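The values are calculated or read from the model by the stated rules, or taken from the named source; none is laboratory data. From a predicted model like this one, the values you see are computed outputs, not experimental measurements. No Cβ is skipped: glycine too gets one built from the backbone with ideal geometry, and neighbour counts run over all protein chains shown. For accessibility, only protein heavy atoms count, side chains too; no ligands or nucleic acids. Shrake-Rupley method; radii C 1.70, N 1.55, O 1.52, S 1.80 Å.
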Amino acid sequence: MDSGYPGPPSAVTFQPEIPGPPVYAAPGSEGGPVQIRKMEAQDVDFVSRMLVEAFRGKLVHAVGESRIEAFTQQNSATLSRSQRIWHRYYIALYDGRLAGAIAIKFHGDSAEEDFQCGDACSRLGCRGTCGLVCLGCALHEDSIRSKECYIDHIGVDAHYRGKGIGKVLMERADFEARQRGCTTMFLWVKQSNRAVHLYERQGYAIVERVNDSWFMQCAVGNADWYKMQKTL
């Protein structure tokens, strides 16, 4: 017979709510002049130009000053064919205009760009192509360990420097790394590069020095490098 008494309340009724970890918005996704998004097809030419901005000295050494524009075109063609690596790129916009880009890579990401030697030779010549291949070998980073994120390169358009775009791009890289469970960020930079101080302000510290490397001198025109690392 139903007495109308529902019985004792369950323990769940009185279980206090346990707050979860705070949820943070991705840098560059909130309001403000700087917005960050993933790379799209229309960004190919811009990303190629930012690569030249980031690596100009190395590229001049590898292919020659007179071939820089040809390299930009060749790299755009390569990147257009290489959608499998677009996930590495994040694009910064300032007031809706393309302003910067960053490329990051995680452990286990083995995707390769669709580099075609014949296309490169037709644009850069044999000498330029050989220099480009040597440059690629020198800068290729394949020793990314579990829970590490590697910053391959970062570039900000000259018209938008001094507006904090590089800082937001670096913060977005940190965010994406944390989302994937990474605990460490790292990058390589020339010892003479003024960006060393920017990276230090972002929490990076020098953990390794490479001095007088004949291979790096031959391939990229500089023998002295820092490996910089940051704990998330």
GNM top mover of 92, 177, 111 - the chain, alpha-carbon springs below 10 Å: 111
167, 58, 147, 190, ranked by accessible area, largest first (probe 1.4 Å): 147, 167, 190, 58
Projected area, mean over directions - segment 102-176, Cα convex hull, nm²: 6.7
Answer label for semi-axes √(5λ) of the Cα gyration tensor in Å (calculated), chosen among (1) 25, 20, 19; (2) 44, 20, 18; (3) 32, 21, 15: (2)
Exposure of residue 218 as accessible area (Å², to 10), given a probe of 1.4 Å and all protein chains: 100
Rounded to 10°, Cα long-axis angle of helix 68-81 versus longest principal axis of the chain: 40
Sequence-distant residues sharing a close amide H with residue 113 (under 5 Å, placed H): none
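Semi-axes, largest first, in whole Å: what does sqrt of 5 times each Cα gyration tensor eigenvalue give for segment 133-232?
Square roots of five times the eigenvalues give 23, 18, 13 Å.
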Neighbour net charge for residue 174 - beta-carbon separation under 14 angstrom, K R +1, D E -1: +4
Lysine pairs meeting the criterion (Cα under 18 Å, 8 or more apart or interchain), as found in the chain: 12
